[in-house]
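The values are calculated or read from the model by the stated rules, or taken from the named source; none is laboratory data. None of the values given here were measured: they were computed from a predicted structure. No Cβ is skipped: glycine too gets one built from the backbone with ideal geometry, and neighbour counts run over all protein chains shown.
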């Protein structure tokens, strides 16, 4: 969905952290936010991000 | 050449992105779409064009080199900035700061899209770049005028203090395809009303004057300024001045409309006269507007006709 070059450009606008890319959203594990991807456009707006929790298996 | 354009999904920004892509550049386009729209850039999508929905008043990060940072993000029509007064001030102040910081980090050349509104309701006519302006800071238009004045001051401070390679363009009224029909400005208003056969609304008695530049001329001037070594502000506009009443009549004629003209009260602090002195652009950039206003209006009317039929 998001090309490699665009992935390299992006960081979390809130904490400047590295991101994880999924099919329909972009996750900042550091500040636990999920940014939507709409029509192939990464929406890097803190106001439009949703809360994200790590999958249960990764919790200790 | 790799270029970042803030506000790249807006009217001017999208034309600028398009012209940069035509020149072979790779373009990173940022826009929060508060007044811009993806309709303006959908046709630009390619491997050399990257669009990110981003609010440039927040931290901007871009990996890899950048040759130019072009700061075009801002609500720009009176209707928009009166609806978005605080975002307008923020993008002029915080957004300009972030964009300058990015240019500094990347050692990129920075260009600020400023405005003829820095002259306010001018007391000298036509306006040369060395005129300091007549702006009401607390009036309804102050949010835009002062944001841009602050942005110019910040840009010059980065130039003087950090040695950043900067350019400032003072853009006079510009028109063309992709203006929003509802942005409240005279040309899209008049065209929209004329095409629908509705009365064309002129504010005041229509004797206030403006000068209108066709967008392709403006983009050409911006390119020339980017390539120049001019750090001081440069006016870009068409010195061919006309009254708004004359403009309304021309649009009615060129669109083959039978709309009548009606008069409404003039808004507060509306500048009465506005005309660029483009001596500096002529001398230093060899720039001159080439598209005749009627020709530009014809192209714009055709475009509005097209979206109206959609």
Please go through segment B:192-209 and pick out each residue that is assigned to a strand (DSSP E or B) and crowded, with 22+ Cβ neighbours inside 10 Å. B:200, B:202
Quick one: in segment B:278-296, of everything that is in contact with a strand residue (DSSP E or B) (Cβ under 8 Å, 6 or more places away or on another chain) and not in a loop (DSSP other than H, G, I, E, B), which residue is surrounded by the most Cβ atoms within 10 Å (Cβ to Cβ)? B:281
Only one of B:170, B:180 that is in contact (Cβ under 8 Å) with a residue 60 or more places away in the chain and assigned to a loop (DSSP other than H, G, I, E, B): B:180
Would you point out the residue of segment B:19-33, among those that are surrounded by fewer than 19 Cβ atoms within 10 Å (Cβ to Cβ) and touching a helix residue (DSSP H, G or I) at 6+ places or on another chain (Cβ under 7 Å), that is nearest to the other protein chains (Cβ to nearest Cβ)? B:21
Total residues in segment A:1-51, condition under 10 Å from the mean Cα position of the chain (by Cα), more than 12 Å from chain B (Cβ to nearest Cβ) and assigned to a strand (DSSP E or B): 8
Out of curiosity, is residue B:102 in a loop (DSSP other than H, G, I, E, B), more than 21 Å from the chain's Cα centre (by Cα), at pLDDT 95 or above and surrounded by 16 or more Cβ atoms within 10 Å (Cβ to Cβ)? no
Being in a helix (DSSP H, G or I), within 14 Å of another protein chain (Cβ to nearest Cβ) and surrounded by 23 or more Cβ atoms within 10 Å (Cβ to Cβ) is the requirement here; does residue B:95 meet it? yes
Number of positions in segment B:46-59 that are more than 8 Å from every other protein chain (Cβ to nearest Cβ), part of a loop (DSSP other than H, G, I, E, B) and closer than 20 Å to residue A:4 by Cα: 1
